[in-house]
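Chemist: Please read through the structure below; I'll follow up with questions.
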Amino acid sequence: MSESNIIDGKAFAARLRERVGNEVKTLKADHGLTPGLAVVLVGEDPASQVYVRSKGKQTVETGMESFEHKLDASTAEADLLGLIDTLNTDDRVHGILVQLPLPDHIDESKVLAAINPDKDVDGFHVINVGRLWTGADAMVPCTPYGCILMLKDALGDLSGKRALVLGRSNIVGKPMAALLLAESCTVTIAHSRTKDLETRCREADILVAAVGRPEMVKGDWIKPGATVIDVGINRIDAPEKGEGKTRLVGDVDFAEARTVAGAITPVPGGVGPMTIACLLRNTLVAARRQKGIQATDI
Ligand code: NDP
């Protein structure tokens, strides 16, 4: 398979960010409106700190306002809910994202439920889950939305294709299945109890892997010519790079899969970069909707 069958998520995300940036300029010029994204981080989880920094930087680069709220790991649930309440009513804030995971003493579902659904740029609020499954205007979770954009770019019309989503989490697997169904795919959701998993995978024209198991999906699980989207991000030991070194791999055995697939996303450089780009897109969409501004989607 040639390099041209590798879906370049990094380049795709850069193009999406540019389109968002241009729309933000238009919004400022025509309506005097600057979209604002508030990101709340509780505690000092190193990976979360990297994500939050990166989100803030890209928000500003796109011309939007970024509001970062870093709270101590011991912050009481009531105080976090109080902050969300303030952000819900702040006119400068059009999107609110609470970085997960939260410390154990805070009830995640309570916090997500407190976010105004129209500002819920992560799309995790039950109102948005319901809107997504019923075909209403939802805020759509960023990672699956990025996957669907790349799939439509690679394949055009997805209608009638057999899609298999490996994983049924609320943040990736389930919303991914809803988006594929909305594109008129015939969708199977597989998980740890699925029987004959390899056979089910081999039937799929589109295979989306979101399991969190390093290189689990092998080349011979893939239908020749299928499009493979690898959501997994797993850090594994890489003794070939030196003692104590690690590297990132997906849920798909990329070396094997790329010889069989029609198109495939690499890890890193596939789905990952699209997630933040879609967050910026969601913030733009949220700002427009809150002000009743009609525009074609980007
Ligand atoms: P979860 O752990 O919440 O869900 C994993 C799913 O995989 C579950 O539904 C589980 O099934 C299923 N599963 C686990 N083991 C197997 C197995 N052996 N066979 C079949 N199914 C299995 O993970 P997430 O959805 O949150 O994340 C999945 C991956 O995507 C992770 O690697 C994560 O790091 C990555 N990710 C990447 C993002 C990005 O921006 N690129 C964003 C979010 C996640 P069951 O329900 O039966 O237990």
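Chemist: Has the stretch 109-122 got any residue that is within 16 Å of the ligand (Cβ to nearest atom) and within 20 Å of Ser66 (Cβ to Cβ)?
Modeler: Among the residues of the stretch 109-122, at least one is within 16 Å of the ligand (Cβ to nearest atom) and within 20 Å of Ser66 (Cβ to Cβ), which makes the answer yes.
Chemist: Still on this structure: Counting only residues that are part of a helix (DSSP H, G or I) and either hydrophobic (A, V, I, L, M, F, W, C) or more than 9 Å from the ligand (Cβ to nearest atom) (or both), how many does the stretch 266-290 have?
Modeler: Count: 17.
Chemist: Same structure, new question: Starting from the stretch 260-274, keep only residues that are over 16 Å from Ala14 (Cα atoms), then list their pairs with residues that are of a type outside the set (S, T, N, Q) and near the ligand (Cβ under 8 Å from one of its atoms) whose Cβ atoms are within a distance under 7 Å, requiring at least 6 positions of separation or different chains.
Modeler: Partner pairs satisfying both residue conditions: Val267/Gly232; Val267/Ile233; Val267/Gly250.
Chemist: Taking the condition of being in a strand (DSSP E or B) and either over 15 Å from Cys147 (Cα atoms) or of a type in the set (Lys, Arg) (or both), how many residues in the stretch 161-171 meet it?
Modeler: The number of residues fulfilling the criteria is 1.
Chemist: Please go through the stretch 146-171 and pick out each residue that is touching a residue at least 12 places away in the same chain (Cβ under 8 Å), of a type outside the set (D, E, K, R), surrounded by fewer than 20 Cβ atoms within 10 Å (Cβ to Cβ) and away from the ligand (no atom under 16 Å from the Cβ).
Modeler: The answer is Ala154, Leu155, Ser159, Gly160.
Chemist: Within the bounds of the stretch 78-91, is there any residue that is under 18 Å from the mean Cα position of the chain (by Cα) and either under 15 Å from Leu41 (Cα atoms) or at pLDDT 95 or above (or both)?
Modeler: no
Chemist: Could you say whether any residue in the stretch 261-279 is closer than 22 Å to Arg168 by Cβ, surrounded by fewer than 21 Cβ atoms within 10 Å (Cβ to Cβ) and of a type in the set (A, V, I, L, M)?
Modeler: no
Chemist: Out of everything in the stretch 218-250 that is surrounded by 11 or more Cβ atoms within 10 Å (Cβ to Cβ) and of a type in the set (D, E, K, R), what residue ends up being farthest from Thr265 (Cα to Cα)?
Modeler: Checked the stretch 218-250; the qualifying residue farthest from Thr265 (Cα to Cα) is Asp237.
The values are calculated or read from the model by the stated rules, or taken from the named source; none is laboratory data. Everything numeric in this text was worked out from a predicted model, so none of it was measured. Reconstructed Cβ throughout: ideal geometry from the backbone, glycine too, with neighbour counts over all protein chains shown.
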